[in-house]
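Here is the structure we will look at, set down as structure tokens.
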């Protein structure tokens, strides 16, 4: 079985997917505008030039169709929103390769942050207050606000938090001018967590994992740089399964939430693709990319293994600065966690991607530090 993984060249989730699929016996190809992080893995057999979707949608789709023909790929995955939404609309153009999602409308709705808030509420879940950033909303909004785009299409837009809606007007105008639809959303603080589901075509969850962030960077937001599996919250589980059915979802999704001061889980993101902390699941013995691929290709529903609860996740080169900001004790804890954690980049069986990225990155940062001192 042959799988093509398309990303923007430096996506660590794609690297985890390449390793997981290769270990399960899939032949893996990669596609990006330059040789990607995943392409340096020993599990990747071939790299194909795929231009950025944001630059030229038609060329992006044509490049993937050509790669499918050249590599005889049976399945195509894409790890970034703009490309994923485009391929969902134009999936027929990459045939005979399969696109492992439900219909284009279902995919678009799941990635639409306003629709997600409505769907979460319909499923009995909480979500932060979210409104279209029109004049009425800007004038009436009280207190801090997050300004973001409704979807990351036709490009990925910035997201920022402001003390007032008035302070966010410039970003609202920028998003609108560049073809997006801006939203206002209530900022959330608390412990970040996520529920991971693998959903079949009947809307049933075949796999379910619950995780929480031990540390994020930046603090109170951003990405999980240290995470762990936690026991299933049954009430949250029922709500997340209803959400997947409400959206008509098929395939893998990581639904992120923030537990507020009252303990309520507020749904914040629906990551219907390979996600940054996916090494937590694979390190626990749950090969999500391979299970998703088997399901998409029409194989028997995969049996869900029992995850190893002792597994932990670390994004080391982000965990270290996050820990350093908390003091020497936290920094020592981050270093102590490194040898036993599952990593998004480092693997002793596949060291080349981490070394090829981290060594130049370390040299770049050292050079910048020396230049600052010299200046």
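The values are calculated or read from the model by the stated rules, or taken from the named source; none is laboratory data. No experiment lies behind these values; they were computed from the predicted model shown. Because the Cβ atoms are built from the backbone with ideal geometry, glycine has one as well, and the counts that use them run over all protein chains shown.
Contact map, segment 357-373: first residue over 19 Å from residue 34 (Cβ atoms), second residue part of a helix (DSSP H, G or I), Cβ cut-off under 9 Å, separation 6 or more or different chains; pairs are 362/317.
Let's see how each residue does on (1) within 24 Å of residue 352 (Cβ to Cβ); (2) outside the structural domain of residue 299 (by TED's automatic domain parsing); (3) surrounded by fewer than 23 Cβ atoms within 10 Å (Cβ to Cβ):
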site	(1), (2), (3)
8	yes, yes, yes
17	yes, yes, no
21	yes, yes, no
24	yes, yes, yes
32	yes, yes, no
42	yes, yes, yes
66	no, yes, yes
74	no, yes, yes
91	no, yes, yes
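Can you find a residue that is out of contact with any strand residue (DSSP E or B) (no Cβ under 9 Å at 6 or more places or on another chain), free of Cβ contacts under 8 Å to residues at least 12 places away in the same chain, surrounded by 12 or more Cβ atoms within 10 Å (Cβ to Cβ) and not in a helix (DSSP H, G or I) anywhere in segment 344-352? Yes, there is a match, as at least one residue in segment 344-352 is out of contact with any strand residue (DSSP E or B) (no Cβ under 9 Å at 6 or more places or on another chain), free of Cβ contacts under 8 Å to residues at least 12 places away in the same chain, surrounded by 12 or more Cβ atoms within 10 Å (Cβ to Cβ) and not in a helix (DSSP H, G or I). Checked against the criterion of being within 21 Å of the chain's Cα centre (by Cα), in contact (Cβ under 8 Å) with a residue 24 or more places away in the chain and not in a loop (DSSP other than H, G, I, E, B), segment 163-181 has no qualifying residue. If you go through segment 10-27 and pick out every residue that is under 19 Å from residue 271 (Cα atoms) and in a loop (DSSP other than H, G, I, E, B), you end up with 2.
Residue-by-condition table, conditions (1) in a loop (DSSP other than H, G, I, E, B); (2) assigned by TED's automatic domain parsing to the domain that holds residue 25; (3) under 26 Å from residue 159 (Cβ atoms):
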{"residue": "243", "(1), (2), (3)": "no, no, yes"}
{"residue": "262", "(1), (2), (3)": "yes, no, yes"}
{"residue": "266", "(1), (2), (3)": "no, no, yes"}
{"residue": "273", "(1), (2), (3)": "yes, no, yes"}
{"residue": "280", "(1), (2), (3)": "no, no, yes"}
{"residue": "299", "(1), (2), (3)": "yes, no, no"}
{"residue": "318", "(1), (2), (3)": "no, no, yes"}
{"residue": "332", "(1), (2), (3)": "no, no, no"}
{"residue": "338", "(1), (2), (3)": "no, no, no"}
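Selection of segment 124-158 for residues being part of a loop (DSSP other than H, G, I, E, B), free of Cβ contacts under 8 Å to residues at least 60 places away in the same chain, out of contact with any helix residue (DSSP H, G or I) (no Cβ under 6 Å at 6 or more places or on another chain) and over 30 Å from residue 238 (Cα atoms) yields 134, 141, 142, 143, 144, 158.
In the set 327, 285, 298, 263, only one residue is within 17 Å of residue 213 (Cα to Cα) and surrounded by fewer than 21 Cβ atoms within 10 Å (Cβ to Cβ); that residue is 263. Every test in (1) surrounded by fewer than 21 Cβ atoms within 10 Å (Cβ to Cβ); (2) over 27 Å from residue 256 (Cα atoms); (3) in contact with a strand residue (DSSP E or B) (Cβ under 7 Å, 6 or more places away or on another chain) is passed by residue 126 save one, and that test is (2).
In summary, residue 227 fulfils each of the numbered conditions (1) part of a strand (DSSP E or B); (2) exposed (fewer than 15 other Cβ atoms within 10 Å of the Cβ) with the single exception of condition (2).
Within segment 245-260, the set of residues being assigned to a loop (DSSP other than H, G, I, E, B), in contact with a strand residue (DSSP E or B) (Cβ under 8 Å, 6 or more places away or on another chain) and surrounded by fewer than 21 Cβ atoms within 10 Å (Cβ to Cβ) comprises just one member, 260.
Of the candidates 139, 102, 133, the single residue that is crowded, with 17+ Cβ neighbours inside 10 Å and farther than 27 Å from residue 241 by Cα is 133. Select from segment 28-58 the residues that are part of a strand (DSSP E or B) and touching a residue at least 40 places away in the same chain (Cβ under 8 Å) and write down the one among them that is farthest from the chain's Cα centre (by Cα). If we take residues in segment 28-58 being part of a strand (DSSP E or B) and touching a residue at least 40 places away in the same chain (Cβ under 8 Å), then 48 is farthest from the chain's Cα centre (by Cα). Evaluate segment 76-86: report whether one residue or more is more than 18 Å from the chain's Cα centre (by Cα), buried (at least 21 other Cβ atoms within 10 Å of the Cβ) and either in the same structural domain as residue 11 (by TED's automatic domain parsing) or at positive phi (or both). No.
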